[in-house]
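Participant: Once you've had a glance at the structure underneath, I'll fire off some questions.
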Number of protein chains: 2
Amino acid sequence: MQELIKVSKALSDETRLRILNILLERECCVCEVMQALEISQSRASRNLGILEDAGFLTARREGTWMLYSLSESSENRIATALTPLLKEYFSNNEILAHDRERLRHSVRVGPGCGEE
Amino acid sequence: MQELIKVSKALSDETRLRILNILLERECCVCEVMQALEISQSRASRNLGILEDAGFLTARREGTWMLYSLSESSENRIATALTPLLKEYFSNNEILAHDRERLRHSVRVGPGCGEE
DNA sequence: TTAATATATGCGCATATCCACATATATTTT
DNA sequence: AAAATATATGTGGATATGCGCATATATTAA
C-alpha cells in the first residue's frame, strides 16, 4: 500500500506532471527540464528525484549531466500502467504543449558541447 | 491537469485507500466505514467526502444514512480506469483484508433497524 | 591542482494536509 | 415540537510538502 501511496503522491503535483509530460517526448538532463518548465535548478532536481524514487524515472550519468528518462515497464508496475493514461491526458493542455515547445528549443550546454 | 492532481491526492492517503478497499466489496454507510476501519466518525466522513469530490464515489441518502458506493464508469474516466488496478493491488495486504473482515461483522444501526 | 559546469542537498519559511474534538445539520420517531 | 440518530463541518494543533537560497558534491577541462 505504501508503494501505491508514493506513486500517487508523485503524481499529485503540477510540476511533476509537467516533467513527466516532457519526458514522454525524450530523455532530458536537469538543465533541459529547467528550461522547458522555466523553473529553478533545485526545483527541477528535487522533483526529478521524487519521480525517480516513485519508480517513474531512471537516471543515468553522462559526463556532468544526469539524464532522466521514463522507466522501463519492468521497473514499476503501477507507474508504467499509468503512463498510457497520462499520455492521453497530457495531449490537450495549454501549459503542457507550451512546455513541449520550449523543450524543442532548449539547449544542452556544458563541457561536452564545444562552442563554434 | 487539476483533475488528475485531485484524483492523485485522493489516492495519496492510507485511510482513503482502505475506504476504497471496503467499498469494492459493497456500498457502505459512514458508520460501517467507521467500524470496518476503526476510525472516528469525522475522519470517516471527511475522507469519504474527499473521495467523492475526486469522482471515485457516489453518495445517496437513505433515511438518516448516507450510503457511499463506487461511481459508475461514466462519472470519472481517470478514477474508473484506476479501479481495476486498485482492486488487484488490494488483494494481498494484511490491513486491507482485516478491514474487509470487520466490514462483514459491522452493524448498520439506526431508526430503520428495529431491535428484536 | 584549480577552475568551470551540472547536479544534489541542507535549511528556513509559507502553505497544505490530516486528525480529534466540539458543534451544527438533517432525518426519523414519538 | 422535542428527542434520538447519523452525518457534516468549524477550529486548532501537529506534521508534511514545496519552494528559494545558499552550499556541497561530482565530473571535466586546463
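Participant: May I ask you to list the residues in the range B:53-78 that are more than 11 Å from the chain's Cα centre (by Cα), open to solvent by less than 60 Å² (accessible area, probe 1.4 Å) and either free of Cβ contacts under 8 Å to residues at least 12 places away in the same chain or under 15 Å from B:Leu17 (Cα atoms) (or both)?
Facilitator: If the condition is that a residue be more than 11 Å from the chain's Cα centre (by Cα), open to solvent by less than 60 Å² (accessible area, probe 1.4 Å) and either free of Cβ contacts under 8 Å to residues at least 12 places away in the same chain or under 15 Å from B:Leu17 (Cα atoms) (or both), then B:Ala54, B:Gly55 are the ones that fit.
Participant: I'd like the full set of residues that are touching a strand residue (DSSP E or B) at 6+ places or on another chain (Cβ under 9 Å) and more than 30 Å from B:Asn21 (Cα to Cα), limited to the range A:1-31.
Facilitator: Once the filter is applied, which keeps residues that are touching a strand residue (DSSP E or B) at 6+ places or on another chain (Cβ under 9 Å) and more than 30 Å from B:Asn21 (Cα to Cα), the range A:1-31 yields A:Ile19, A:Ile22, A:Leu23, A:Leu24, A:Arg26, A:Glu27, A:Cys28, A:Cys29, A:Val30, A:Cys31.
Participant: Let me ask something additional. If B:Glu38 meets every condition in (1) within 14 Å of chain A (Cβ to nearest Cβ); (2) open to solvent by 70 Å² or more (accessible area, probe 1.4 Å); (3) not hydrophobic (A, V, I, L, M, F, W, C) apart from one, which number is that one?
Facilitator: (1)
Participant: Name the single residue, out of those in the range A:12-31 being open to solvent by less than 10 Å² (accessible area, probe 1.4 Å) and in contact (Cβ under 8 Å) with a residue 60 or more places away in the chain, that is nearest to the other protein chains (Cβ to nearest Cβ).
Facilitator: Only one residue fits best here, namely A:Leu17.
Participant: Exactly one condition in (1) surrounded by 19 or more Cβ atoms within 10 Å (Cβ to Cβ); (2) away from DNA strand D (no atom under 11 Å from the Cβ); (3) away from chain B (no Cβ under 14 Å) is false for A:Ala44; which is it?
Facilitator: (2)
The values are calculated or read from the model by the stated rules, or taken from the named source; none is laboratory data. Values in this document were obtained by computation on a predicted structure and should not be read as measured data. With ideal geometry, Cβ positions are generated from the backbone for all residues, glycine too; neighbour counts draw on all protein chains shown. These area figures cover heavy atoms from the full protein model, side chains too; ligands, DNA and RNA do not enter into them. Shrake-Rupley method; radii C 1.70, N 1.55, O 1.52, S 1.80 Å.
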